[in-house]
Amino acid sequence: MNPKVRKIVDRVLWGLLFLLIVYLLAVIGVQTKPIETLQRTSSSKSFMKQLVAGHYEKAFDVAYDRKAVRPSPGNEYETSRAAWAAKIKRWKEDGTYIVSYRDLKSSIDDMAVLTNAFVTISHNGQETEHWAGFYLYKKSDGSFGIEGLHFLNGELLNDEWEQMFRNLGGQRSETDQERNGFDQ
């Protein structure tokens with residue numbers, strides 16, 4: 001085969017291969033959701049492991065975005081962290097605490113990433129299992145924090161218990177919330 005013809009054929013084949021790759025990426029799409037799913041699962045597991053182990057300050061660190069929060073009087077990071085951990089410890093001393101979790105996973109549903117788990121809670125020595133949904137947000141460092149944990153089935157222990165697991169990520173402005181997005 002003539003070298004000029006060979007060169008033209010090679011360019012055409014490389015061009016077609018390039019077009020095929022571009023077409024496949026356009027049709028299939030470059031999905032970040034699978035990576036995001038793994039990151040959300042990892043953050044949620046880290047949060048739950050710290051809670052179950054009794055490392056409440058570390059659990060708070062996983063949930064909270066220290067850099068994105070604008071400190072306000074009485075809402076400094078260390079103060080919020082210590083107060084939340086003390087409240088969780090007090091509940092445990094009074095007999096209400098998270099014993100374990102299982103089947104924690106994130107999945108994609110209608111292009112939204114949902115994170116759920118079965119959470120076993122002990123209340124006065126009686127253990128009950130609850131289906132829980134995690135509300136996550138993207139922290140300023142790119143990792144995911146836990147905005148809240150919502151128990152989706154059964155009677156909750158009381159409003160204060162559920163309130164402890166809401167707004168964990170700290171107080172962010174609406175702009176921060178829009179920028180980071182929420183998993184709902």
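The values are calculated or read from the model by the stated rules, or taken from the named source; none is laboratory data. Since this is a predicted model, take the numbers as computed values, not measurements. Ideal geometry is used to build each Cβ from the backbone, glycine not excepted, and the neighbour counts take in all protein chains shown.
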- Message: Can you say whether LEU114 is under 20 Å from TYR64 (Cβ atoms) and touching a residue at least 40 places away in the same chain (Cβ under 8 Å), as far as the supplied structure shows?
- Response: no
- Item | Of all residues in segment 78-111 being at pLDDT 85 or above and among the β-branched types (Val, Ile, Thr), the one that is nearest to ARG66 (Cα to Cα) | ILE88
- Which residues, taken from segment 126-184, are surrounded by fewer than 19 Cβ atoms within 10 Å (Cβ to Cβ), modelled with pLDDT of 75 or more and under 13 Å from the mean Cα position of the chain (by Cα)? GLY133, GLY142, SER143, HIS150
- What are the residues in segment 46-65 that are surrounded by fewer than 17 Cβ atoms within 10 Å (Cβ to Cβ) and either over 17 Å from ALA86 (Cα atoms) or among the hydrophobic types (A, V, I, L, M, F, W, C) (or both), if any? LYS49, VAL52, ALA53
